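Before any comments, here is the structure.
Nothing in this text is a laboratory measurement; each read-out follows from the coordinates by a stated rule. Just so it is clear, the model here is predicted, and its values are computed rather than measured. Neighbour counts are summed over all protein chains in view; Cβ atoms, including those assigned to glycine, are modelled from backbone coordinates with ideal geometry.
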Ligand SMILES: Cc1cc2nc3c(=O)[nH]c(=O)nc-3n(C[C@H](O)[C@H](O)[C@H](O)COP(=O)(O)O)c2cc1C
C-alpha cells in the first residue's frame, strides 16, 4: 500500500522542496518534481497579476504535481483564487494558521499543506480541513514561525493529528531524513541544502558562504532584517550587519547602526537597504555579504553544489540506507 503522504501528493518520493522566496523559481521546482519529489513554488511575493503566468511557466517544465505557497501575513485572497482557477494541485499556507483560507482552498478542490510551529496549531489546521501538516523547527533557515526545535516538534505534531506530517528545519541529508521519519514524519521539506544547486537563483557570494558555513554560523533574530517584512523572526548567516548590530547591543528597529543605508541594488536596479528582508539574486550588485543571507543550522552539511535531481536522489537513497542499517550502538 502506498504511504498516505504519497497518495495525497500523488508523487513518488516523500521529499518536498522548501518554497524559498527569491531563491526558488520554476526551474528548481520542476527539477524536484521531475526527480519524483513534490515542489513548492513561492509566488506570494510577486504581483497578483503575474501569478497565473508563473504557474503556466512551471507547467511548461513539468507535468507533475506541485504546490504554490501563500503567505498569510500579506493579502493572499486573489492569489488563492488564481490557484483555484488554474487548478494547481496544492497550496501551502504559511505564517499562521488561517482556517478560512484552508476552507476556501479545500472548497476550490486543492490539496492543502499547512505550516505550523507547534502541536496546537496543527490541531487547528487539521480541524479546518488541511490535508498535510508541515512542521517547521527552529533550526530552519529563512523566516521561522515557531520556537520549537525539529527534534521535539515532529513527534509532538505527529501525536496530535491523524494527518501526514512533513518535517522542516535542519534536514540536509539522508541521515536527517531518516531521523525525521523515525520521529513520526511522513516526509521532509528541504531548504538550505537546495541553495547549493545550480537551479537556486542566488548570488554566487551567498552560495559560497553557504558552502563554507558551520552549524554555529547562523543566527535567529526577531527583528534584524525587518525592512519590507516587520515582526517576522528569521534565521540567517552571521555577517557584518548582524555582528555590528550585536556589538551595538541588538537595538530595536529605529535605533540600529547604519539604518537606511543603501548597500546595493537588486536585479531590477532598485536599491537594497541595510536590514532589508531580501534574498540576493545572481544579478544583485553591492555589498552582498551584508545582506540577509538566509540559512538553517543544517548548513554545515552543505558542502557541494549539485543538481537538484542528484540532491533529491542522494537524500532519498541515503535515508533508505540509514533506515535499513538501523544502529549497532544499542
Ligand atoms: C532562502 C530562504 C527563503 C525562504 N523563503 C520562504 C518562503 O518564502 N516561504 C516559506 O514558507 N518558507 C520560506 N523559507 C523557510 C523554508 O520554507 C523552510 O522552512 C526552511 O528552509 C527549512 O529549513 P532548512 O533551511 O534547515 O532546510 C525560506 C528559507 C530559506 C533558506
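Taking every C-alpha pair closer than 8 Å and separated by at least 6 residues, the mean separation divided by the residue count of the chain gives a relative contact order of 17 percent. The fewest-to-most ranking of 74, 94, 66 by surrounding Cβ atoms within 10 Å reads 74, 94, 66. Over all distinct Cα-Cα pairs of the chain, the Kirkwood formula returns a hydrodynamic radius of 19.9 Å.
For the range 218-294, dividing the convex hull volume of the Cα atoms by the residue count gives 78 Å³ per residue.
Summarising the strand pairing of the chain, around 30 percent of its internal DSSP beta bridges are antiparallel. Shape call for the range 127-185 from the C-alpha gyration tensor, a ≥ b ≥ c root eigenvalues: rounded (a/c under 1.5), prolate (a/b greater than b/c) or oblate? Because a/c hits 1.5 or more and a/b fails to exceed b/c, the range 127-185 counts as oblate. Anisotropy class assigned to the range 68-222 is oblate, per the alpha carbon gyration tensor with a/c at or over the 1.5 cut-off and a/b no larger than b/c. Run through the DSSP bridge list for the range 23-129 and note the antiparallel percent, rounded to the nearest 5. In the range 23-129, DSSP labels about 0 percent of beta bridges as antiparallel.
Mean projected area of the convex hull spanned by the Cα atoms of the range 214-256, taken over all viewing directions: 3.0 nm². Cβ crowding within 10 Å ranks 68, 144, 299 as 144, 68, 299, fewest other Cβ atoms first. By the count of neighbouring beta-carbon atoms within 10 Å, fewest first, 76, 38 end up ordered 76, 38. Shape call for the range 90-144 from the C-alpha gyration tensor, a ≥ b ≥ c root eigenvalues: rounded (a/c under 1.5), prolate (a/b greater than b/c) or oblate? Note, shape of the range 90-144 comes out prolate. Altogether, the Stokes-Einstein calculation at 37 °C and 0.692 mPa s, with the Kirkwood radius of the range 181-330 over Cα pairs as Rh, returns a diffusion coefficient of 193 µm²/s. Derived from the Cα gyration tensor, the three semi-axes of the equivalent ellipsoid of the range 44-148 are 23, 15, 13 Å, largest first.
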